[in-house]
1. Could you list which residues have their amide H under 5 Å from that of M234, counting only those 5 or more apart in sequence or on another chain, with H placed in the peptide plane?
2. Using a 1.4 Å probe on the protein heavy atoms, what percent of the accessible area of the stretch 6-110 belongs to carbon and sulfur?
3. Which whole-Hz couplings ³J(HN,Hα) result when phi for each residue of the stretch 412-425 is put into the Karplus expression 6.51 cos²θ - 1.76 cosθ + 1.60, θ = phi - 60°, listed in order with x for Gly and Pro?
4. In the stretch 392-458, what percent of the accessible surface is made up of carbon and sulfur (1.4 Å probe, ligands and nucleic acids excluded)?
5. Can you find, among I259, T288, F174, the residue sitting farthest towards the positive end of the charge dipole of the stretch 171-325, where Lys and Arg contribute +1 and Asp and Glu -1 at Cβ?
6. With unit charges on the beta carbon (Lys/Arg positive, Asp/Glu negative), name the residue among P87, M53, I107 whose Cα is farthest towards the positive pole of the charge dipole of the stretch 10-134.
7. What's the local net charge at E24, with K and R +1, D and E -1, over the other residues with C-beta under 10 Å away?
8. Once amide H atoms are placed 1.01 Å from N in the peptide plane, what residues at a sequence separation of 5 or more from S442, or on another chain, have their amide H within under 5 Å of its amide H?
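The values are calculated or read from the model by the stated rules, or taken from the named source; none is laboratory data. For clarity, every value in this text was computed on a predicted model and none was experimentally measured. Cβ sites come from the backbone with ideal geometry, for glycine too, and all protein chains shown count toward neighbours. Note: accessible area is taken over every heavy atom of the protein model, side chains too, but ligands, DNA and RNA are not part of it. Shrake-Rupley method; radii C 1.70, N 1.55, O 1.52, S 1.80 Å.
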Amino acid sequence: MTQELEAAPPSHRDALMTTELVPEQVLPKVMTTFGLTATYVFIICWITGSSIMAAGGWTAIPMWVLGILTFLVPAGMAVAELGNLWPGEGGVYIWATRTMGETWGFIGGYLSWIPVVLNSASSPAIVLQFVLLAFHAELGLTLTIILQLVILWAVIGLALAKLAANQRIMNFVFVVYWALTAVIFISGVVYALSHGSAQPFSAHAALVPDFAGAGFLYGTVLLYLVGVETPYNMGAEFLSVRKSGPKMVVWGSVALILIYLLTTLGTIMVLPADQINPVTGVIGMLGTAAPKGVMEVSAIVLACIVFVALMSYQVTYSRLVFVSGLERHLPRIFTHLNPRTRNPVTAILIQGVLSSLILVGLYSQSSMANVTVFLQGGLSIAWLISGFFFLFPVVLARKKYADRYDSEKFWRIPGGMVGVWFTVVVGTLGTIGGIYYSFAKSWIKDVPDGTWMTWTGSIAVGMFLLGVVVYFFGRRSAHKTSAEDALAHLAVLELKDEAK
């Protein structure tokens with residue numbers, strides 16, 4: 001059995017990687033199309049982003065549209081094609097390795113993974129801020145940090161449950177997400193009809209992006225659209241990658257676009273720009289536009305949604321750590337699976353530990369609201385750079401694996417190489433623009449660009465340095481164990497199942 005779990009020697013182009021063999025044998029296939037669509041939305045769609053966007057006024061709408069056209073659509077088409085070409089566990093790691101080599105595969109996988117650590121350090125603050133909004137309460141710094149840690153580790157505990165159980169929770173909360181979106185938008189429309197829009201409508205602002213006055217919004221938009229590739233981290237757990245993958249991208253993209261646009265519009269119509277909290281504004285507007293009690297209930301609902309979204313992050317991103325262990329970039333301990341749940345326990349726990357350290361270190365230095373946005377800016381830089389590792393591989397795959405494109409039937413970007421180049425060029429330009437505006441332009445009005453660049457740049461550099469350490473020391477430690485020994489415990493796991 002151990003021999004069956006080993007990857008074939010890389011003697012030719014199509015030799016299977018370990019991560020293309022092992023997960024298929026030891027991980028359960030439970031992800032349906034609806035479940036994947038829900039996961040896709042939870043990974044990408046954070047309607048707290050609508051708070052920041054609404055503070056930019058009506059020009060937020062063309063910025064959303066521009067971000068969708070220059071990033072979401074190209075990224076979605078790229079990952080749908082690559083996910084169909086290589087439907088295995090690890091997503092971007094496999095795609096980059098197959099087309100660019102093992103080292104680049106690790107870099108792409110790492111840059112795609114590290115945002116979960118930053119996001120998990122900031123999201124408990126979001127949950128807590130909505131709870132505090134619901135109860136109209138304030139807390140001291142020490143208690144705030146303690147409660148954030150409690151929230152984070154509650155999420156970790158839930159993420160350790162069976163994937164099927166987590167999936168049922170996500171499916172239910174996905175429906176609740178739509179209900180909350182409807183409440184926000186309808187409340188905004190009703191308020192605007194009675195009192196007029198709090199931010200006066202301007203056709204020019206609503207149709208033409210204002211890069212001179214609100215260029216930071218483009219970086220914000222791309223932050224809230226990244227993550228298209230993430231569900232493919234769990235490729236071996238799809239019931240059918242080739243059937244469900246493209247549908248997930250299409251329906252998930254439609255869902256998150258509607259959620260973002262409707263909640264942004266609802267907030268713009270109710271609150272003046274200078275009264276919008278950068279985190280809670282999208283719910284705070286209900287205190288003005290909705291009957292008494294609606295805001296408080298909605299705040300609790302959104303806190304629960306963010307909690308479940310954070311759980312989905314822990315689950316999907318832990319697979320990249322698991323894959324790094326299989327490919328011997330990390331020690332064998334990171335390939336440990338719980339025999340009952342088949343979750344990579346060590347991977348989930350290490351994510352929680354790293355996020356906890358960042359949370360304690362940074363939230364003791366600034367306000368909760370500001371650090372939340374600083375972390376989002378820093379993770380946006382790293383995450384956007386990872387996009388090059390699923391954009392460029394599309395071009396390389398078309399050339400290097402031309403025979404597979406000729407002989408196999410699967411979804412691919414329409415228009416041949418012209419369509420591919422157009423997609424990659426547009427996506428690349430959009431990504432570069434997003435990186436610039438994520439780093440150079442402050443997303444918080446009261447924070448100067450210089451302070452913003454210091455915070456986000458330091459966070460991004462810290463993550464890159466961590467990657468260097470992980471690559472050299474992790475790989476060095478992993479290679480002290482033979483490939484056979486590194487996989488032996490998984491073979492025993494499979495044998496136990498066969499004996500039942």
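1. For M234, whose amide H was placed from the backbone, the distant partners under 5 Å are G90.
2. Numbers: 1880 of 2670 Å².
Heavy-atom surface of the stretch 6-110 belonging to carbon and sulfur, 1.4 Å probe: 71 percent.
3. 9, 4, x, x, x, 5, 5, x, 5, 4, 4, 4, 5, 5
4. On the way: 2370 of 3530 Å².
Roughly 67 percent of what the probe reaches on the stretch 392-458 is carbon or sulfur.
5. Farthest towards the positive end: F174.
6. M53
7. On the way: positive: K29; negative: E20, E89, E237.
Summing Lys/Arg as +1 and Asp/Glu as -1 gives -2.
8. Here the answer is D449, since their amide H atoms fall under 5 Å of that of S442.
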